[in-house]
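Trainee: Please see the structure below; I have some questions.
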Amino acid sequence: MDTTNTRGQFSNKLGFVLAAAGSSVGLGNIWRFPYYTAKYGGAAFILVYVLVAVTIGFTLVATEIAIGRKTSLSPIPAYRKLCAKFAFLGLFADLAAAIITPYYSVIGGWVIKYFKEFLVGNVSGAASDGFFGEFISGNFQPALYLAIFTLLGGIVIFGGVEKGIEKVNKIMMPTLVVMIVGLSIYGLTLPGAMEGLEFLLVPDFSKITPMAFIAATGQMFYSLSIAMGILVTYGSYMQKKDDLAQATLQIEIFDTAVAILAAVMIIPPIFAVSPNMAQDLSAAGPGLMFVTLPKLFAIMPGGRVVGAFFFFLVLLAALTSSISLMEAILSPLVDGYKISRNKAATYTIGWTFVIGMLSVFGYGIWSDFTIFGLQILDFMDFISNYVLMPITAFGTAILIGWILGPKTVTDEIERSSETFRRKPLYNFTIRYLVPVATMFIMVMHILATFGVVTL
Ligand code: PHE
């Protein structure tokens with residue numbers, strides 16, 4: 001059987017890199033990176049982040065892409081082919097994708113809602129106290145927007161790898177970059193913005209605590225879409241001749257550049273428009289995006305247009321990530337059950353919506369229901385990011401670094417890359433740094449979730 005034709009393939013390296021960058025650049029870049037940067041010493045945090053990205057991040061991204069490309073399979077059969085005992089890592093990765101996709105899509109729906117509010121000019125409404133809480137507890141509306149977001153991503157995965165995923169990313173990713181650069185420049189022209197830029201770019205090394213390292217590493221895993229089966233899946237669609245080492249570097253640069261730009265886009269305007277808010281940059285996640293920023297847009301000059309552009313940009317970022325997540329659910333179905341792509345896409349859409357509804361109700365009619373003190377959405381986030389993901393990354397490092405040997409991956413990289421300068425670094429990182437870092441991340445985040453430490 002010619003697997004290339006039935007599984008689909010990216011047409012070239014650019015197509016692959018933009019799709020993988022589309023997966024990487026997402027809500028994490030926009031709602032957590034700026035917050036961490038503000039909290040952990042500005043440029044000092046950026047430095048730490050880059051350090052972990054070019055070592056641990058690079059190693060795991062290259063490893064996963066290589067595993068996918070070497071086997072031309074989705075995660076479970078790919079890991080099984082490498083070593084039957086480790087097939088469970090593929091299962092964990094697929095499970096993480098299956099858990100994240102629905103709640104990520106719920107948030108994607110919220111983004112569409114805010115985009116719509118700014119588009120129709122309901123700025124003061126969107127910025128009013130209680131608006132967000134009322135919206136997410138409303139059951140019907142969040143469900144409706146979840147359905148819209150899921151269908152938008154669904155249409156793309158129906159289109160296939162080249163005609164769907166690649167094509168859409170080739171349009172959306174450059175658009176996103178232009179918009180984020182444009183909004184950053186606009187923000188910097190506001191009087192008072194320079195103070196914010198200074199706060200961001202002057203490193204405060206006193207804030208570089210062990211916690212800053214943990215935050216940077218956890219953020220890097222999420223931001224690069226590591227250990228979710230995505231890079232293995234996308235790697236399985238990559239052409240054998242495309243330079244894997246270079247592609248990995250480009251994905252890292254893209255993702256990190258957008259994260260830094262997001263900080264430049266968000267922090268200086270806060271300083272310019274509302275020094276009070278700048279005092280309290282404590283919001284990360286939904287609080288920053290759906291409460292703080294709308295309030296900012298309501299008082300900043302041109303806020304309605306800026307807000308509409310902003311939420312459109314976030315929508316692009318979320319959509320390209322969710323497409324990769326949906327593909328990571330679809331691909332194992334096609335490989336494992338030999339069903340058609342269309343059928344698998346339909347199941348994926350159905351799963352995303354139905355399980356997404358659990359999160360919707362978690363904020364609505366079931367808001368009293370918590371698991372270990374966590375709301376349903378937060379619980380799903382916790383299990384996937386801080387349990388499944390570290391175990392998958394840890395296991396992958398043990399499998400490649402110690403059982404099969406780094407050569408399994410470096411040979412695959414070298415068949416397409418003339419120069420693989422980071423090979424010595426790779427060999428070291430996969431064997432030592434990754435296992436230590438992943439275990440540490442897991443323990444610390446579990447402690448943080450239960451309030452023993454704060455991140
Ligand atoms: N990397 C994406 C972000 O930064 C999120 C994501 C995580 C996407 C896992 C796919 C898989 O938001």
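The values are calculated or read from the model by the stated rules, or taken from the named source; none is laboratory data. All values reported here derive from a predicted model rather than from experimental measurement. Cβ: placed from backbone, ideal geometry, glycine included. Neighbour counts: every protein chain shown. Keep in mind that these areas ignore ligands, DNA and RNA; they rest on the heavy atoms of the full protein, side chains included. Shrake-Rupley method; radii C 1.70, N 1.55, O 1.52, S 1.80 Å.
Trainee: Determine whether the stretch 263-272 contains at least one residue that is out of contact with any helix residue (DSSP H, G or I) (no Cβ under 6 Å at 6 or more places or on another chain) and either free of Cβ contacts under 8 Å to residues at least 60 places away in the same chain or farther than 30 Å from F10 by Cα (or both).
Mentor: No: the stretch 263-272 contains no residue that is out of contact with any helix residue (DSSP H, G or I) (no Cβ under 6 Å at 6 or more places or on another chain) and either free of Cβ contacts under 8 Å to residues at least 60 places away in the same chain or farther than 30 Å from F10 by Cα (or both).
Trainee: Here is a follow-up. Just give me the residues in the stretch 52-92 being crowded, with 19+ Cβ neighbours inside 10 Å and not in a helix (DSSP H, G or I), in sequence order.
Mentor: Selection gives S72, L73, S74.
Trainee: Look through the stretch 1-17, keep the residues that are part of a helix (DSSP H, G or I) and open to solvent by 20 Å² or more (accessible area, probe 1.4 Å), and return whichever of them is modelled with the lowest pLDDT.
Mentor: Once the filter is applied, the top-ranked residue is T4.
Trainee: Would you please name the residue that is nearest to the ligand (Cβ to nearest atom), looking only at residues in the stretch 320-348 that are open to solvent by 30 Å² or more (accessible area, probe 1.4 Å) and among the hydrophobic types (A, V, I, L, M, F, W, C)?
Mentor: L333
Trainee: Could you check the stretch 248-265 and list, in sequence order, the residues that are crowded, with 24+ Cβ neighbours inside 10 Å and touching a Phe, Trp or Tyr at 6+ places or on another chain (Cβ under 7 Å)?
Mentor: Once the filter is applied, which keeps residues that are crowded, with 24+ Cβ neighbours inside 10 Å and touching a Phe, Trp or Tyr at 6+ places or on another chain (Cβ under 7 Å), the stretch 248-265 yields T248, A259, A262, A263.
Trainee: Another one. Filter the stretch 12-44 down to residues that are away from the ligand (no atom under 14 Å from the Cβ) and within 19 Å of the chain's Cα centre (by Cα) and give me whichever is nearest to E166 (Cα to Cα).
Mentor: Ranking the qualifying residues of the stretch 12-44, first place goes to G15.
Trainee: Next up: Which of the residues belonging to the stretch 118-154 are free of Cβ contacts under 8 Å to residues at least 40 places away in the same chain, surrounded by fewer than 21 Cβ atoms within 10 Å (Cβ to Cβ) and not aliphatic (A, V, I, L, M)?
Mentor: Selection gives N122, G125, S128, D129, G130, G133, E134, F135, F140, Q141.
Trainee: Right, next: Regarding A212, is this residue in a helix (DSSP H, G or I), away from the ligand (no atom under 16 Å from the Cβ), small (G, A, S) and within 14 Å of I65 (Cβ to Cβ)?
Mentor: no
Trainee: Moving on to the next point. Give just the number: which of (1) buried (at least 20 other Cβ atoms within 10 Å of the Cβ); (2) at pLDDT below 90 does F311 not satisfy?
Mentor: Result: F311 passes all but (2).
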